[in-house]
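Peer 1: Following this message is one structure expressed as structure tokens.
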Amino acid sequence: MSSGTAISRIDVRYLFLALLIVSAIPIMSPMGLPMVVSPLTKKSFNFIEGLPAGSVVILDAQHSTGYGPELGTQYAAVFKHLLARPLKVVLVAFGAEGPQLYAMTLEGSTISGPPIDPNRYGKKYGTDYVWLGYIPGTVTAFAAFASNSWLTKTDAAGTALEQLPIMQNCKTVKDWALVVSVSGGQFEQMIAQWYSAYKTPIIFGAPGVSAPRLYSYIDAGQLTGMLVSIGGAAEYELLLKGPALAVSLMDVLNLAQILVVVAMIAGNAIHFIGRSKEKK
Amino acid sequence: MARFQLRSVALTITFVLGFLMIVEYFISFKSINDLAANIRDAATVIIGLASIVGVGNITRNHLRNISRRGDNWIPSIIMLVSVWIPLVIGLLGTQNHPIYRYVFVNLFNPVGNAFFAVLGFYILSGAWRAFRVKSLDGTVMVLCAALIFLKNAPVAGYLWSGFNDIGAWIMNVFQAAGYRGIIIGVAIGSITTGLRILLGRETGYLAERRGGQE
Amino acid sequence: MISVEYVLFGLCAVAIWSLLYRENLAYRIAEYFYVGFTAANLLVQAWESALKIAWTPVTKGNHLWILPLILSIPFVLFFHRKTRSLYMIPIAVVVSVGTGLAMRGAIHADIVGQVGASMKSLIQPGPWDNSFNTAVLTIGSFATLSYFLFTKEVKGALSKVPRVGRLFIMAVVGAAYANTGTGRLANYSGILLNLLKTDAVYIAAGALVVIAVDILRRRAKKKP
Amino acid sequence: MLVGARMLALGLLVVCLGILTYMIIVQGERKRKVYSIRRLAAMDACEEAVGRAVEMGRPIHYTPGTAQLTMAEAPQTIAALSILEYVARLAAKYNARIITTSQYPEVYPLCVEVVREAYLSSGKADQFREEDVVYLPQLKAAAGLMQRERVAANFMIGAFWHESLVLAEAGAAAGAINIGGVATMHQLPFMVACCDYCLIGEELFAASAYITKDPVATSTIVGQDYIKAVSLGLIVLGTLLSTVGMPQLWNLFR
């Protein structure tokens with residue numbers, strides 16, 4: 001698998017330049033290339049659509065800024081959907097960067113898209129949604145938060161949970177209708193702590209690296225749904241009828257991935273043409 | 001020989017604690033489970049404080065470089081500054097000191113994320129340089145890669161839905177089979193090497209002197 | 001009003017990406033800062049967790065927790081020739097924990113879990129492809145594992161099995177390369193978006209000009 | 001007191017450890033039997049790579065990966081350090097300069113000692129340069145180091161995360177021959193595709209026995225093969241039983 005001679009004469013930096021140009025075009029002027037919504041994304045969307053009014057949904061920001069828009073857009077898309085429906089949203093973070101990600105999502109950022117204003121959806125803090133902040137401890141925290149959802153005693157701003165009407169309906173895992181966790185890891189542990197132990201439905205927002213191993217949990221019914229990488233977020237934005245950051249980045253990804261395939265084919269072509277010339 | 005005795009002590013510790021970690025997993029006996037958890041916590045502390053060696057190594061190498069006016073002696077100054085100023089601020093205050101946070105969020109994170117994003121370029125150059133259809137092996141690799149890239153590019157799936165089906169089959173069946181075989185192999189290798197370590201038969205990491213063996 | 005944060009972001013991103021053109025002073029400064037700050041950050045975090053995990057119990061009368069702190073002293077002594085070998089003791093503690101975890105994880109999650117997953121009935125209900133896929137999974141796992149037999153050469157009718165196993169390995173390589181590649185490209189496009197759509201764009205434009213000038217200068221030097 | 005759900009794993013572990021201990025103590029240490037191991041191209045390429053570096057007058061880069069020693073990937077790092085010893089001896093023998101980088105501070109002293117011992121036992125203690133064993137808390141940064149030093153050979157053997165592709169492509173850009181070795185599944189594609197030679201998965205653990213031809217080490221590889229044979233047998237037996245409608249064995253594993 002070593003580099004051939006013909007191909008090594010071509011400077012790989014031209015390729016880098018090509019990638020920059022190909023991906024800069026759709027950023028400057030979005031093209032809106034078509035896409036098909038996958039059944040998996042549709043399944044997650046429909047599950048949330050089907051939740052009865054007043055159901056409590058836990059939304060966990062466990063990812064990190066390092067994943068960039070891959071997971072940031074998923075978090076924003078699901079948050080918007082939950083706000084648009086008559087649901088009670090309890091926001092937590094089992095990852096240390098959660099507070100930063102939550103703030104970025106509300107204010108709008110280059111990894112989560114335009115700002116989200118819960119007031120615009122007619123949602124009131126403390127009644128319809130609440131932000132509990134970062135709960136350290138990963139696996140231990142999953143278990144502890146399930147048996148006692150008042151673990152933090154106050155919300156992130158320091159208000160006692162007794163004073164928040166929404167928390168009266170959310171005391172243990174038995175009150176949860178769904179957990180949505182956008183995360184870069186700890187998937188198996190979450191399934192063990194929440195699904196295996198209490199049969200709570202779970203939807204994951206997962207990066208492309210981790211998704212392949214999670215499909216088997218969906219087949220087994222241990223996982224209700226999953227958004228995969230930025231494509232999952234883009235499809236979700238389409239289902240919400242509000243294309244945002246993920247959809248516009250999909251243009252870039254479309255072109256960039258086709259460029260990679262073209263490079264693969266061209267690399268082979270040049271290699272073999274070069275070799276046949278050398279033989280002559 | 002002091003070094004020899006030290007090695008024996010080290011190997012005894014490895015044997016006892018290693019087997020404790022294994023046995024603990026299979027029994028539920030509170031005092032032993034707690035002991036193992038405490039040892040894991042203690043190991044986290046020890047491994048963290050090993051950073052002292054790291055900071056020492058950086059400081060010594062770059063001080064030496066600066067005093068010799070060696071290559072890169074100006075960046076060496078930047079290295080020392082980047083280690084010691086945050087270190088002093090962080091140790092005297094905390095990680096939440098405003099200057100520390102500012103540097104972390106506005107310089108450290110962007111550099112890290114940009115470094116990570118370099119992978120995007122390398123995915124392209126790797127595909128260009130290394131994916132050859134020279135043999136049957138290479139052909140399988142290239143086909144799988146190309147078909148998955150096309151599956152993940154929605155526009156391809158829009159043009160021909162077959163890309164989605166073939167891609168899904170490769171992910172869920174074809175590569176999953178190979179994945180499983182490799183995982184089992186790695187697990188067996190881990191157990192073997194692990195046992196050699198615990199029994200003191202794998203001591204290369206303790207820089208065992210093997211004489212003139214070639 | 002230009003945002004200082006985005007200009008800083010632009011400087012950092014451009015400095016790192018400039019490595020793709022060639023190694024240069026800007027990249028080197030960014031790299032040295034990155035490495036240096038990481039080293040400091042690791043020690044700061046380790047210090048805070050050492051205080052929390054070990055020192056707090058000591059102050060509360062649980063004196064055994066002084067042990068991990070004492071065991072860490074050899075790291076300070078590593079730079080002296082006579083006391084260097086003491087590092088073996090803390091390393092032994094650390095290695096034993098990692099090795100124990102590796103062995104128990106390997107047997108349970110990997111061997112029991114994956115061998116068990118390869119024992120499904122070859123006749124599956126539903127359309128024919130269910131049975132076909134199960135067969136591919138089982139045969140593929142078997143063939144791949146047999147590729148890793150090191151000491152016995154497989155002979156006779158079965159000699160092709162490890163060869164087939166290698167094909168399955170190459171399928172993993174290709175498919176996982178692409179699947180991870182998608183995520184990496186998403187990440188890259190996020191950074192590029194930041195570079196082009198914020199005030200960082202001035203830095204990016206400046207960098208392109210510098211690189212262009214550098215290319216022309218090198219060309220001019222080469223010609224005569 | 002025993003955890004019920006983990007009994008099968010315990011049983012299998014006892015069988016594995018039994019086979020391996022027998023191979024180590026009886027075959028390896030008492031009988032000193034040396035078994036032959038199938039060819040590992042990546043290990044055969046080590047000498048060539050070092051030779052190339054000497055010819056070009058450029059250094060070698062070696063990194064034992066980015067696993068912490070408390071992690072479940074620790075055995076991979078330890079296996080990588082054994083290979084480091086071999087490569088460092090080759091470097092000492094042919095007077096090539098070897099730069100070793102390690103991401104975690106607890107691995108750094110191990111690298112120093114392993115490389116020092118290699119030079120010492122080759123009778124070239126005076127040529128050992130401690131500053132060439134570098135603590136690099138962000139291993140990605142070795143990309144710059146390799147281009148600055150224009151390395152001729154790049155060894156990346158151990159457990160890796162996302163750095164693998166950065167190192168492999170940066171090595172290629174510096175014109176180095178890449179020799180990889182990885183058992184972390186998620187990085188396998190990048191190492192296999194982008195390296196000139198690569199130890200795949202379990203080969204990483206067999207490599208040190210392959211080079212040293214030490215009786216204890218080769219005997220454990222045989223033991224390893226016996227365990228694989230048992231696993232293969234279980235797969236066949238379980239599948240046959242399930243297919244003929246007796247899924248008891250399969251259920252046991254679930």
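The values are calculated or read from the model by the stated rules, or taken from the named source; none is laboratory data. Note that this is a predicted model, so its numbers are computed, not measured. Neighbour counts run over all protein chains shown; Cβ positions are idealised from the backbone, glycine included.
Peer 1: Within the range A:262-274, does at least one residue satisfy the condition of being under 24 Å from the mean Cα position of the chain (by Cα) and more than 11 Å from chain C (Cβ to nearest Cβ)? Before you say what the answer is, go through the steps one by one.
Peer 2: Here is the first cut: in the range A:262-274, the ones under 24 Å from the mean Cα position of the chain (by Cα) are none.
No: the range A:262-274 contains no residue that is under 24 Å from the mean Cα position of the chain (by Cα) and more than 11 Å from chain C (Cβ to nearest Cβ).
Peer 1: Of D:GLU131, D:GLU169, which residue is touching a Cys at 6+ places or on another chain (Cβ under 8 Å) and of a type in the set (Asp, Glu)?
Peer 2: Details: D:GLU131 fails: touching a Cys at 6+ places or on another chain (Cβ under 8 Å).
Exactly one residue qualifies, and that residue is D:GLU169.
Peer 1: Which residue is farthest from the other protein chains (Cβ to nearest Cβ), if the candidates are limited to the range B:62-85 and must be free of Cβ contacts under 8 Å to residues at least 12 places away in the same chain and more than 19 Å from C:LEU25 (Cα to Cα)?
Peer 2: B:SER67
Peer 1: Can you name the residue in the range A:185-225 that is in contact (Cβ under 8 Å) with a residue 60 or more places away in the chain, touching a helix residue (DSSP H, G or I) at 6+ places or on another chain (Cβ under 6 Å) and more than 18 Å from A:ALA93 (Cβ to Cβ) and, of all such residues, is farthest from the other protein chains (Cβ to nearest Cβ)?
Peer 2: Among them, the one singled out is A:THR224.
Peer 1: I want to confirm something. Restricting to the range D:85-95 and keeping residues that are out of contact with any Ser or Thr (no Cβ under 7 Å at 6 or more places or on another chain) and within 23 Å of D:LEU204 (Cβ to Cβ), which single residue is nearest to the other protein chains (Cβ to nearest Cβ)?
Peer 2: At the first step, the residues of the range D:85-95 found to be out of contact with any Ser or Thr (no Cβ under 7 Å at 6 or more places or on another chain) are D:85-88, D:90-91, D:94-95.
From what's left, within 23 Å of D:LEU204 (Cβ to Cβ): D:85-88, D:90-91.
Numbers: D:GLU85: 5, D:TYR86: 9, D:VAL87: 12, D:ALA88: 10, D:LEU90: 10, D:ALA91: 14 Å.
Ranking the qualifying residues of the range D:85-95, first place goes to D:GLU85.
Results for (1) more than 7 Å from chain C (Cβ to nearest Cβ); (2) part of a helix (DSSP H, G or I), shown as yes or no for each residue.
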position: B:ILE99; (1), (2): yes, yes
position: B:ASN106; (1), (2): no, yes
position: B:ALA117; (1), (2): no, yes
position: B:GLY126; (1), (2): yes, yes
position: B:VAL133; (1), (2): yes, no
position: B:MET141; (1), (2): no, yes
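Peer 1: Would you be able to say whether some residue in the range D:33-41 is within 14 Å of chain C (Cβ to nearest Cβ), under 24 Å from D:ALA193 (Cβ atoms) and either touching a Pro at 6+ places or on another chain (Cβ under 7 Å) or crowded, with 19+ Cβ neighbours inside 10 Å (or both)?
Peer 2: The initial filter retains those residues of the range D:33-41 that are within 14 Å of chain C (Cβ to nearest Cβ), namely D:33-41.
Next cut, under 24 Å from D:ALA193 (Cβ atoms) only: D:38-41.
Imposing the further condition that a residue be either touching a Pro at 6+ places or on another chain (Cβ under 7 Å) or crowded, with 19+ Cβ neighbours inside 10 Å (or both) reduces the set to D:40.
Yes, the range D:33-41 has at least one match.
Peer 1: Take the residues of the range D:102-128 that are hydroxyl-bearing (Ser, Thr, Tyr), in contact with a helix residue (DSSP H, G or I) (Cβ under 7 Å, 6 or more places away or on another chain) and more than 17 Å from D:VAL50 (Cα to Cα): which is surrounded by the most Cβ atoms within 10 Å (Cβ to Cβ)?
Peer 2: Here is the first cut: in the range D:102-128, the residues hydroxyl-bearing (Ser, Thr, Tyr) are D:102, D:104, D:108, D:119, D:121-122.
Restricting the remaining residues to those that are in contact with a helix residue (DSSP H, G or I) (Cβ under 7 Å, 6 or more places away or on another chain) gives D:102, D:108, D:119, D:122.
Remaining after also requiring more than 17 Å from D:VAL50 (Cα to Cα): D:102, D:108.
On the way: D:SER102: 30, D:TYR108: 27.
Here the residue is D:SER102.
Peer 1: Just for helices (runs of 4 or more DSSP H) wholly inside the range A:157-251: which have at least 1 residues that are among the polar types (S, T, N, Q), in contact with a Ser or Thr (Cβ under 8 Å, 6 or more places away or on another chain) and more than 28 Å from A:VAL36 (Cβ to Cβ)?
Peer 2: Values: elements: A:165-168, A:187-190, A:211-219, A:229-239.
Output list reads A:187-190.
Peer 1: Only one of (1) within 12 Å of chain B (Cβ to nearest Cβ); (2) surrounded by fewer than 18 Cβ atoms within 10 Å (Cβ to Cβ); (3) of a type in the set (Val, Ile, Thr) is not met by C:VAL154, so which one is it?
Peer 2: Unmet for C:VAL154, out of (1) within 12 Å of chain B (Cβ to nearest Cβ); (2) surrounded by fewer than 18 Cβ atoms within 10 Å (Cβ to Cβ); (3) of a type in the set (Val, Ile, Thr): (1).
Peer 1: Right, next: Which of (1) within 26 Å of the chain's Cα centre (by Cα); (2) more than 19 Å from C:PRO68 (Cα to Cα); (3) surrounded by fewer than 19 Cβ atoms within 10 Å (Cβ to Cβ) is the odd one out, the single condition B:SER28 does not satisfy?
Peer 2: Here B:SER28 meets the rest and fails (1).
Peer 1: I'd like to verify a number: residues in the range C:122-141 that are more than 8 Å from chain B (Cβ to nearest Cβ) and under 14 Å from B:ILE182 (Cβ atoms), how many?
Peer 2: Pass one, the range C:122-141, residues more than 8 Å from chain B (Cβ to nearest Cβ): C:122-132, C:134-135.
If we keep only those that are under 14 Å from B:ILE182 (Cβ atoms) as well, we get none.
Total satisfying the criteria: 0.
Peer 1: Continuing with the same structure: Among the β-branched types (Val, Ile, Thr), over 18 Å from the mean Cα position of the chain (by Cα) and within 23 Å of B:ILE47 (Cα to Cα): which single residue out of D:VAL134, D:VAL115, D:VAL151, D:VAL107 fits that description?
Peer 2: On the way: D:VAL115 fails: over 18 Å from the mean Cα position of the chain (by Cα); D:VAL151 fails: within 23 Å of B:ILE47 (Cα to Cα); D:VAL107 fails: over 18 Å from the mean Cα position of the chain (by Cα).
Among D:VAL134, D:VAL115, D:VAL151, D:VAL107, only D:VAL134 is among the β-branched types (Val, Ile, Thr), over 18 Å from the mean Cα position of the chain (by Cα) and within 23 Å of B:ILE47 (Cα to Cα).
Peer 1: Hey, another quick one. From the list C:TYR188, C:TYR202, which residue is buried (at least 18 other Cβ atoms within 10 Å of the Cβ), on the phi < 0 side of the Ramachandran plot and at pLDDT 90 or above?
Peer 2: Working: C:TYR202 fails: buried (at least 18 other Cβ atoms within 10 Å of the Cβ).
Only one candidate qualifies: C:TYR188.
Peer 1: Hey, among D:THR63, D:THR77, D:THR70, which residue is within 23 Å of D:VAL222 (Cα to Cα), buried (at least 18 other Cβ atoms within 10 Å of the Cβ) and among the hydroxyl-bearing types (Ser, Thr, Tyr)?
Peer 2: One residue alone meets the criteria, D:THR77.
For every residue, the table says whether it meets (1) assigned by TED's automatic domain parsing to the domain that holds B:ILE13; (2) over 30 Å from B:ILE13 (Cβ atoms); (3) modelled with pLDDT of 90 or more; (4) under 24 Å from the mean Cα position of the chain (by Cα).
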site: B:ALA43; (1), (2), (3), (4): yes, no, yes, yes
site: B:GLY56; (1), (2), (3), (4): no, no, yes, yes
site: B:ARG60; (1), (2), (3), (4): no, no, yes, no
site: B:TRP84; (1), (2), (3), (4): no, yes, yes, no
site: B:LEU91; (1), (2), (3), (4): no, no, yes, no
site: B:PRO98; (1), (2), (3), (4): no, yes, no, no
site: B:TYR102; (1), (2), (3), (4): no, yes, no, no
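Peer 1: Does C:ALA26 qualify as being more than 7 Å from every other protein chain (Cβ to nearest Cβ), touching a helix residue (DSSP H, G or I) at 6+ places or on another chain (Cβ under 9 Å) and either among the charged types (D, E, K, R) or crowded, with 20+ Cβ neighbours inside 10 Å (or both)? I'd like the intermediate steps shown before the answer.
Peer 2: Details: more than 7 Å from every other protein chain (Cβ to nearest Cβ): yes; touching a helix residue (DSSP H, G or I) at 6+ places or on another chain (Cβ under 9 Å): yes; either among the charged types (D, E, K, R) or crowded, with 20+ Cβ neighbours inside 10 Å (or both): no.
So C:ALA26 does not fit the description; no.
Peer 1: Restricting attention to the range D:171-185, does a residue exist that is under 20 Å from C:SER141 (Cα atoms) and in a helix (DSSP H, G or I)?
Peer 2: yes
Peer 1: Please verify whether the range B:41-53 includes one or more residues that are more than 7 Å from every other protein chain (Cβ to nearest Cβ) and either part of a helix (DSSP H, G or I) or among the aliphatic types (A, V, I, L, M) (or both).
Peer 2: First, the residues of the range B:41-53 that are more than 7 Å from every other protein chain (Cβ to nearest Cβ): none.
The answer is no, given that none of the residues of the range B:41-53 is more than 7 Å from every other protein chain (Cβ to nearest Cβ) and either part of a helix (DSSP H, G or I) or among the aliphatic types (A, V, I, L, M) (or both).
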